[in-house]
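Asks: The structure follows.
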2 protein chains.
Amino acid sequence: MNGERADAARNRAVLIATAREMLAESGTEKITMDALAERSGLGKGTVFRRFGTRAGIFQALLDDVEITFQERVLAGPPPLGPGAEPLDRLIAFGRARIAFMLENREIARAALDGRARGPAGPTPMTSMHIRMLLSRLSLDVPDLDLLAMQLTGALDAPLLLYTAQDANAPRGVAMGERLALGWDELVRRVCR
Amino acid sequence: MNGERADAARNRAVLIATAREMLAESGTEKITMDALAERSGLGKGTVFRRFGTRAGIFQALLDDVEITFQERVLAGPPPLGPGAEPLDRLIAFGRARIAFMLENREIARAALDGRARGPAGPTPMTSMHIRMLLSRLSLDVPDLDLLAMQLTGALDAPLLLYTAQDANAPRGVAMGERLALGWDELVRRVCR
C-alpha cells in the first residue's frame, strides 16, 4: 500500500515536471493526454488516472504553483511575507497576486476549459489573507468580513476580465503594472 | 414577414407573462418547458423555439427585469435616476443593484443552470454606469476605468457569493441591508 502510494506520488511528480517542460517549450497547445504519456514514458492509463481530462493536467499545474505562492505569502520575505506593516503587506499581496495571475493565465485558462461552472478560483485564500491584514489596520469599519470580500472582488474582477478575454494589448504601461498601481491606489484610499 | 414577427413577439410576451405567474405561485421549480407550454396554451415547439432550454426561460425572465432596472437607472427618479449628486447616485445605484440581485436571485440561479461558463452577468452595464458617475466626481485618480472595474468587482463579488451559494441565513441585519451598508461605506472611503 505504501509502495503504491509512493509510486503514485512519483508518477505525479514526473508528469508535472514533464508538463512543465512541454509548457516552457511550446505553450499549452501541444499538451494533450497522449503527448504527455508519450513524453513522460508513462502509460496513457496512468495519465488518465492522475488527471481525468486534459483540463485536469492544467489544474494540477495550477495547484502546484498556487501552493508555492501561498508559501511565499505565509512564510516568505516581507513585505509579501510576515514582518512588514499590514498596509504594506496588503499592497504587496495584491501586486504579487496580479503578477502571479498574469504569469499563469495560460494555465488558468486551459484549466477552465470544459469546466461546468466559472472559476471558483483561489478567492477563499485571497479573501482570508486580506481579512487578516485588514484586522490589523484598526480601521473604523463595522463589517471587515464584507470589506475583505469587496477588496477580493476589486482585485479579482479586472484580472478575470483580462485572463478570460485575452484583452487588448496594454497601452503604454504594461497591464500588470497598471493593475498593480490601481490596487495600490484603491487600498490606500480605503485604508486612510 | 411582419405578421410572423408580430406573432413571435406576442408569443414571447404570453410566455413571459405565463412564466411570471407560475413563478409567483410556486417558485422556479415547477417551471419546465412542458409545463409552460401547457399553461400558456402554446405548443411545445413554440416554447422550444423561443427559449431553447429550461434555463433559457429564466434568462428571458432575467433580461426582462434587467431592462426595467436599466430604465430606472437611466430615466427614473433620483437618486437612482438622473438629478442627484454623483456620489449619492453611486451609493443609490449599489443599493438598488443589491436589492435587484437579491430579489431575482432564484431566477438568476436557474438561468445559470447548465451554462458552460460562469455568470457573464450584467457587469458591463454596471461598470459603465459606475465609470460615468466616477468621472463626475473629480477624483484625483489616474485610472478611472480601472477604478470602475474594481468597484464593479467589489459590488458583484459578495452578491455572487451569496447568489451562488444560497448563503447561511443572515444574522441580525438582513443580508441586503448588510451589503448596502458595506457598499455605502466602501464608496465613501474611496471617494473622499
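The values are calculated or read from the model by the stated rules, or taken from the named source; none is laboratory data. From a predicted model like this one, the values you see are computed outputs, not experimental measurements. Quick reminder, even Gly has a Cβ in these numbers, built from the backbone with ideal geometry, and neighbours come from all protein chains shown.
Asks: Do any helices (runs of 4 or more DSSP H) lying entirely in region A:42-141 carry at least 2 residues that are under 20 Å from A:L155 (Cα atoms) and in contact with a Lys or Arg (Cβ under 8 Å, 6 or more places away or on another chain), and which ones are they? First the steps, then the outcome.
Replies: Details: elements: A:44-51, A:54-75, A:86-103, A:105-112, A:123-135.
Answer list for region A:42-141: A:86-103, A:123-135.
Asks: If you go through region B:9-16 one residue at a time, do you hit one that is surrounded by 15 or more Cβ atoms within 10 Å (Cβ to Cβ) and without any contact (Cβ under 8 Å) to a residue 24 or more places away in the chain?
Replies: Within region B:9-16, not a single residue is surrounded by 15 or more Cβ atoms within 10 Å (Cβ to Cβ) and without any contact (Cβ under 8 Å) to a residue 24 or more places away in the chain.
Asks: Okay, moving on. Take the residues of region B:39-95 that are under 22 Å from the mean Cα position of the chain (by Cα) and hydroxyl-bearing (S, T, Y): which is nearest to B:G182 (Cα to Cα)?
Replies: Ranking the qualifying residues of region B:39-95, first place goes to B:T68.
Asks: Among the listed residues A:R117, A:R105, which satisfies the condition of being modelled with pLDDT under 90 and within 14 Å of chain B (Cβ to nearest Cβ)? It would help to see each step written out before you state the result.
Replies: Values: A:R105 fails: within 14 Å of chain B (Cβ to nearest Cβ).
So the residue among A:R117, A:R105 that is modelled with pLDDT under 90 and within 14 Å of chain B (Cβ to nearest Cβ) is A:R117.
Asks: At pLDDT below 95, over 16 Å from the mean Cα position of the chain (by Cα) and over 21 Å from B:F69 (Cα atoms), is that true of B:G182? Explain how you work it out, then say what you get.
Replies: On the way: at pLDDT below 95: no; over 16 Å from the mean Cα position of the chain (by Cα): yes; over 21 Å from B:F69 (Cα atoms): yes.
Taking the combined requirement at face value, the residue does not satisfy it.
Asks: Now a separate question. List the residue pairs whose Cβ atoms are under 7 Å apart, where the first residue sits in region A:135-162 and is at the interface with chain B (Cβ under 7 Å from one of its Cβ atoms) and free of Cβ contacts under 8 Å to residues at least 40 places away in the same chain, the second is in a helix (DSSP H, G or I) and among the hydroxyl-bearing types (S, T, Y), and the two are 6 or more positions apart or on different chains.
Replies: Partner pairs satisfying both residue conditions: A:M149/A:S127; A:T152/A:T123; A:T152/A:T126; A:T152/A:S127; A:D156/A:T123; A:A157/B:T152.
Conditions (1) surrounded by 17 or more Cβ atoms within 10 Å (Cβ to Cβ); (2) closer than 22 Å to A:L160 by Cα; (3) aromatic (F, W, Y); (4) modelled with pLDDT under 95, marked per residue:
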site	(1), (2), (3), (4)
A:R20	no, no, no, yes
A:G27	no, yes, no, yes
A:D63	no, yes, no, yes
A:F100	yes, yes, yes, yes
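Asks: Being assigned to a helix (DSSP H, G or I) and aliphatic (A, V, I, L, M) is the filter here; which residues of region B:16-39 pass it?
Replies: Here is the first cut: in region B:16-39, the ones assigned to a helix (DSSP H, G or I) are B:16-26, B:33-39.
Correct list: B:I16, B:A17, B:A19, B:M22, B:L23, B:A24, B:M33, B:A35, B:L36, B:A37.
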